[in-house]
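A quick write-up on the structure given underneath.
The values are calculated or read from the model by the stated rules, or taken from the named source; none is laboratory data. Everything numeric in this text was worked out from a predicted model, so none of it was measured. Quick note on the areas: whole protein, heavy atoms, side chains included, nothing else; ligands and nucleic acids left out. Shrake-Rupley method; radii C 1.70, N 1.55, O 1.52, S 1.80 Å.
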Amino acid sequence: QVQLVESGGGLVQAGGSLRLSCAASGRTFIRYAMGWFRQAPGKERECVAAISWSGGSTYYENSVKGRATISRDNAKNTVYLQISSLKAEDTAVYYCAAGSNGVSVSEDQYDYWGQGTQVTVSS
């Protein structure tokens, strides 16, 4: 069992940056690939970034590629998502998720989910 708690969301001006954190409980964090998803009002949830258990493999959705960095610290059971040059369209609830099937963009490949953190970008 893994419990995930996101933090770091809030109101940010367009062009700014933020770093989201996701703290995981349990000693098995290292076994899981981690993903960051987001859901904007009226839209489906989408994967914006994912990272393998070792950090050696990453994925970025096209709209954040070049602006986002996903990283993890297995000693701290934490995964991060740094996004810069924020745009209004980055406004969404951001969720982290843990999956045992490697890096994936599919929600059904993730077993555990956090409660989400709101990111609002003002233009």
Task: Whole-number accessible area per residue in Å² for the chain, which is evaluated in the context of all protein chains at 1.4 Å - done: 51
Task: Share of pairwise Cα separations in the stretch 11-107, more than 21 Å, in percent - done: 28
Open item on the list: At a threshold of 8 angstrom on Cα-Cα distance, excluding pairs fewer than six apart, so keeping six or more, what relative contact order does the chain reach in percent?
Closed with: 36
Open item on the list: If you take every DSSP beta bridge fully contained in the stretch 1-119, what fraction is antiparallel? Give it as a percent rounded to 5.
Closed with: 95
TODO: Would you work out what percent of the accessible area of the chain, with all protein chains in place, is carbon or sulfur (probe 1.4 Å)?
DONE: 44
